[in-house]
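In what follows, a structure is listed as structure tokens, so that the remarks can point back to it.
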Amino acid sequence: MERYNFKIVEKKWQSFWDKNKTFKSEINKENKKKFYCLEMFPYPSGNIHMGHVRNYTIGDVLARYKIMTDYNVLHPMGWDSFGMPAENAAKQNNLDPKDWTEKNISNMKKQLKNLGLSIDWNREISTCSPAYYKHQQKLFLDLYDKGLVYRKENYVNWDPVDQTVLANEQVIDGKGWRSGAQVERKKLNQWFFNISKFSDELLESLNSLESWPNKVKTMQKNWIGKSYGCEIKFQIKGNEDVKQIKCYTTRPDTLYGMSFLAVSVDHPISKFYENNKEFISFKEECSKTGTTEEAIAQAEKLGFKTNLLATNPLNHEIKVPVYFANFVLMDYGFGAVFGCPAHDQRDFDFAIKYNLPIKTVVKPFEEKDTYQVDDKAFTDSGIIINSNELNGLNAPNESIERAIDILEKEKVGKKKINFRLKDWGISRQRYWGCPIPIAYNKDGEIIKIPEKDLPVKLPEKIQLNTTGNPLDHQKEWKHITINGEKCIRETDTLDTFVDSSWYYLRFCSSSNSNLPFDEKETDYWMPVDQYIGGVEHAILHLLYSRFFVKAISFQNKKFNLSEPFNGLFTQGMVCHETYTDENNNWLHPDEITTEDGKNYFKKNNPKERVLVGPAESMSKSKKNTIEPSKMIDKYGADAVRLFILSDSPPEKDVQWSEEGMLASYKFIQKLWGLHQKIKSIIEGNINTIEEKDVSEELNKFSNQVIFKITNNIEKFSYNVIIANLHEIYNFLSKQITFQIKKEILKKNYVNILILMSPIIPHFAQECLESLNIKKKINWPVAEEQYLKEDNVEIVIQINGKKRLSLKNKIDSSEKEIYDNLIKTEYFKKNYKTDEVKKIIYVKNRLLNLIIKK
RNA sequence: GCCCUCGUGGUGAAAUUGGUAGACACAAAGGACUUAAAAUCCUUGCCGCUUGCGGAGUGCCAGUUCGAGUCUGGCCGAGGGCACCA
């Protein structure tokens with residue numbers, strides 16, 4: 001028998017789909033319902049990796065299924081092609097980022113095509129192309145006009161040697177990753193999107209996203225961080241110019257326990273200490289901790305005592321010292337807190353260090369009024385004590401409400417809702433990003449680049465090995481004249497998260513050169529029905545995208561969308577065992593060998609043992625990567641698709657194994673063998689065993705499997721579909737030795753091939769063609785009449801334990817089954833009918849007898 | 001510390017949503033075919049006595065129920081997210 005040659009077949013169908021533009025999408029095609037299926041687009045790093053294979057296979061199964069269930073499907077692909085790796089690679093090898101990126105794109109596109117994806121390549125976009133970022137610059141200016149973009153000074157990680165800003169992940173132990181210099185906090189003018197304006201909306205409309213994983217919604221909710229509290233004004237003594245300090249608190253009910261007030265070193269009152277040498281060195285000490293919240297968190301709590309005293313607004317006799325403290329953040333609340341050591345662990349630690357009083361004002365329910373906090377803060381709910389008018393109230397619920405009432409009446413405080421979400425800083429001091437379409441005149445005023453001059457193109461072939469931002473050195477590019485006025489361009493570029501915040505809109509109108517997108521088209525295609533990607537984008541990318549549709553919709557009559565992604569699916573990672581040699585060097589799977597599957601050795605030194613580590617997410621640094629292109633070359637795209645879906649549910653991590661890969665390859669070969677046999681039977685070239693006709697069984701089986709697979713696609717239970725495909729093989733390979741009416745065999749077998757086609761499209765289409773099925777393929781619908789069996793196994797339980805099972809006609813009554821049961825040897829031997837106290841019957845499932853002896 | 005998710009054979013996992021636990025596969029062992037190997041196919045799969053049967057059994061302990069992998073409470077363990085957020 002002829003072996004299945006995937007190389008020929010897969011190439012044949014890939015070029016067929018290409019040539020026939022099978023997956024080209026248009027609006028209102030035949031008045032079908034639309035379905036927008038989108039996977040997160042890749043960064044063109046050079047080669048596709050297994051994570052891409054998994055992501056795009058999951059999406060492809062869905063897209064192909066939707067096409068066959070008669071949806072008008074949009075399934076595009078593009079490139080998230082701005083970013084640091086291109087700039088770094090270019091610097092290292094003295095290349096041009098553009099050339100490097102374009103080469104990678106063409107390579108990866110070829111690799112993706114080899115996977116046989118149902119992509120509409122007509123809509124391909126690349127964020128680094130001026131054709132894309134031109135529109136992004138337009139959007140930026142639109143948002144600027146609406147007041148959603150602004151410029152302000154902000155702290156950044158500054159590398160004083162490289163004269164550049166570092167991303168948080170480029171700061172290692174407080175030092176620059178390249179220069180090793182101590183990173184400083186430096187104030188720079190930065191551009192911001194006013195995302196916090198939409199905090200409440202972003203939080204509220206999460207509720208409308210029913211098809212999002214709860215996990216992601218929770219993460220976003222926590223990130224936005226809405227809190228209910230109160231702002232309080234504290235009267236200050238000790239400096240004529242500082243009359244009061246405002247604090248934000250969620251626990252105004254613990255005000256009587258206050259023993260200090262702490263403000264950030266960046267608080268406005270710090271200007272009175274600018275000439276204080278001790279304060280300057282304290283502030284410097286604080287700045288060394290970097291700007292990440294985590295870095296601040298790990299630092300020891302430090303305070304700088306001022307000569308100021310703050311008055312407790314509820315009891316004017318209590319006056320407490322004011323400190324600058326490193327754990328108070330300027331960009332949350334008012335950059336000032338009151339310290340209540342007894343009921344906040346940070347305040348407790350601070351109080352211990354600086355020997356401040358710890359006054360207990362909440363006691364646990366079961367404790368006496370004389371209760372005192374001991375070695376750590378008490379933060380649970382309880383009863384208020386030592387607090388005059390608040391005493392006896394339930395904390396925190398009753399007491400907070402009452403405390404706010406009092407503060408409002410006294411006009412020293414008011415209820416306030418706060419958000420953790422900060423505005424989105426979008427300035428990057430980098431070359432390889434979208435230029436910000438702004439210039440500054442000689443007075444430093446902001447001048448928009450006129451629309452007719454868009455795009456502001458990146459200068460090409462420039463020197464990247466400079467100190468600071470390379471664009472800063474581009475004199476010709478930098479100096480321009482706008483309306484006769486000499487200006488200097490903004491040399492910062494946009495955060496690449498901006499590029500990916502609206503690309504799904506661009507796909508709707510990718511060839512429109514005048515507009516970012518045409519509302520007629522976004523109206524039709526948006527929202528994305530199913531978005532698929534890694535959970536690592538659960539917060540930033542998804543939040544920014546959600547912000548973008550709200551910002552574009554803001555004050556816009558033509559465009560109105562509340563959410564970009566109706567359904568979200570987050571797939572798990574692809575893992576592989578890790579290997580290390582005797583010197584703890586990571587080894588690639590290709591560098592090791594084994595004879596017994598237990599003991600592993602180095603290939604180039606068979607005496608050296610290899611240590612096998614646990615399966616971890618594939619990464620270049622651990623060398624536990626498997627190259628998809630090699631696997632496709634060796635086993636074929638269908639086999640790779642089959643394997644990547646087979647072992648685990650798509651939302652969980654999957655472990656790559658060569659055995660599993662091989663098994664998938666063999667399975668396709670087996671299916672091919674089966675196909676040859678069935679084809680021969682259909683064509684009348686093979687004799688079957690005459691005495692048994694299994695046509696009816698086949699009808700039932702195939703309709704049941706249609707039902708199962710359809711459900712499993714809808715549920716994303718793709719691993720179970722693979723199991724269903726094995727069931728199909730196991731059933732058919734046994735049953736086709738018996739007689740099946742030819743037309744019944746053909747009809748059912750064709751349906752079965754269609755069921756296979758989303759997973760292994762090349763194979764299925766080849767088989768269908770060999771049976772002369774060339775017309776448009778529709779997903780089969782299970783016929784109701786075949787879904788019911790004539791006979792069902794009824795489980796017989798005695799006192800809830802399974803004892804035996806009886807075959808009965810479907811839909812038998814309780815009495816019929818019971819009558820059958822009491823006739824059995826088993827029953828007669830063990831029980832008597834008058835012992836039966838109660839019968840529970842679940843139709844077509846089980847009969848449970850309660851017997852008390 | 002807080003929040004979320006998850007604990008099922010040697011392994012990856014199924015389980016119609018409260019109704020036959022372990023579908024389907026990987027690995028292993030035994031067998032068939034073969035001079036042999038590869039490939040392929042079959043059987044086994046935790047404990048007990050002989051097939052057959054019986055028993056335990058879905059991290060642990062309770063509970064609800066005729067019946068719990070599934071629901072409730074508590075504990076243990078793993079993973080993920082957030083965090084001096086006032």
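Some points to look at:
- Filter on A:Lys11/A:Lys66; A:Lys602/A:Lys652; A:Lys19/A:Lys670; A:Lys603/A:Lys652; A:Lys138/A:Lys558 - keep pairs with C-alpha separation over 21 Å: A:Lys11/A:Lys66; A:Lys602/A:Lys652; A:Lys19/A:Lys670; A:Lys603/A:Lys652
- Among the listed pairs A:Lys679/A:Lys700; A:Lys146/A:Lys520; A:Lys12/A:Lys700; A:Lys146/A:Lys271, those beyond 24 Å (Cα-Cα): A:Lys12/A:Lys700; A:Lys146/A:Lys271
- Computed over the stretch A:726-797, Cα set: Rg, Dmax in Å: 15.1, 52
- Principal axis extents of the C-alpha atoms in chain A (largest first, rounded to whole Å): 108, 85, 70.
- The stretch A:157-258 - percent of accessible surface contributed by carbon and sulfur, probe 1.4 Å: 45
- Distance-filtered residues of the stretch A:495-511 - backbone nitrogen under 20 Å, label point 7 angstrom along A:Lys457 Cα→Cβ: A:511
- When each of the peptides A:16-26, A:64-74, A:508-518 is scored by the mean number of other C-beta atoms lying within 10 Å of its residues, the order from highest to lowest reads A:64-74, A:508-518, A:16-26.
- Approximate spin-label separation A:Lys246-A:Lys775, in nm, with each point projected 7 Å along Cα-to-Cβ: 7.3
- Each Lys or Arg adds one and each Asp or Glu takes one away; over the other residues whose Cβ falls under 12 Å from the Cβ of A:Ile682, this sums to +4.
- For A:Lys807, the aspartates and glutamates whose Cα comes closer than 20 Å to its Cα, not counting residues fewer than 8 places off in the same chain, are A:Glu696, A:Glu697, A:Glu789, A:Asp790, A:Glu793, A:Glu816, A:Asp819, A:Glu825.
- Qualifying trypsin sites (Lys or Arg not before Pro) in the stretch A:494-559, where qualification requires a DSSP coil assignment and no more than 12 other C-beta atoms within 10 Å, comprise A:Lys557, A:Lys558.
- According to the Kirkwood relation over distinct C-alpha pairs, the hydrodynamic radius of the stretch A:346-393 is 11.5 Å.
- Here the average projected area of the convex hull drawn through the C-alpha atoms of the stretch A:297-367 stands at 6.3 nm².
- Radius, Kirkwood style, for the stretch A:573-725 when every pair of distinct Cα atoms is counted (Å): 18.7
- Net +/- balance of residues flanking A:Glu201 in space, Cβ distance below 12 Å, scoring K and R +1, D and E -1: +1
- Here the label points at A:Asn47 and A:Asn275, each 7 Å from Cα along the C-beta direction, are separated by 6.6 nm in the simple model.
- The stretch A:696-853: radius of gyration and largest Cα-Cα distance (Dmax), Å: 21.1, 68
- Residues in the stretch A:557-571 reached by a label modelled at A:Leu515 [backbone nitrogen below 11 Å; 7 Å Cα→Cβ]: A:558-559
- Per residue, chain A exposes 49 Å² of accessible surface when a 1.4 Å probe is rolled over the protein heavy atoms with every protein chain present.
- Environment charge of A:Lys411, counting only residues whose C-beta is closer than 15 Å and scoring Lys/Arg +1, Asp/Glu -1: +3
- Positive dipole terminus of the stretch A:665-820, leading residue within A:Val720, A:Phe701, A:Asn778 (C-beta point charges): A:Val720
- Here is what passes the span test in chain A: the DSSP H helices with alpha carbon length of 24 Å or more along the helix axis and a Kyte-Doolittle mean of 0.0 or above are A:718-735.
- Computed magnitude of the charge dipole of chain A (debye, nearest 20; Cβ of K, R +1, Cβ of D, E -1): 1600
- Taking the average, over residues, of other Cβ atoms within 10 Å as the packing measure, peptides A:131-139, A:463-471 rank A:131-139, A:463-471 from highest down.
- By the rule of a C-alpha distance below 16 Å, with chain neighbours fewer than 8 residues away ignored, the lysines paired with A:Lys246 are A:Lys233, A:Lys237, A:Lys319, A:Lys411, A:Lys414, A:Lys415, A:Lys416.
- Debye, to nearest 20: dipole size of the stretch A:72-219, +1 on Lys, Arg Cβ, -1 on Asp, Glu Cβ: 180
- Per-residue packing, averaged as other Cβ atoms within 10 Å, sorts the ranges A:154-165, A:75-86 into the order A:75-86, A:154-165, beginning with the highest.
The values are calculated or read from the model by the stated rules, or taken from the named source; none is laboratory data. The structure displayed is predicted, hence computed values, not measured ones. Neighbour counts run over all protein chains shown; Cβ positions are idealised from the backbone, glycine included. When the accessible area is computed, the model is the full protein with side chains, heavy atoms only, and any ligands, DNA or RNA have been set aside. Shrake-Rupley method; radii C 1.70, N 1.55, O 1.52, S 1.80 Å.
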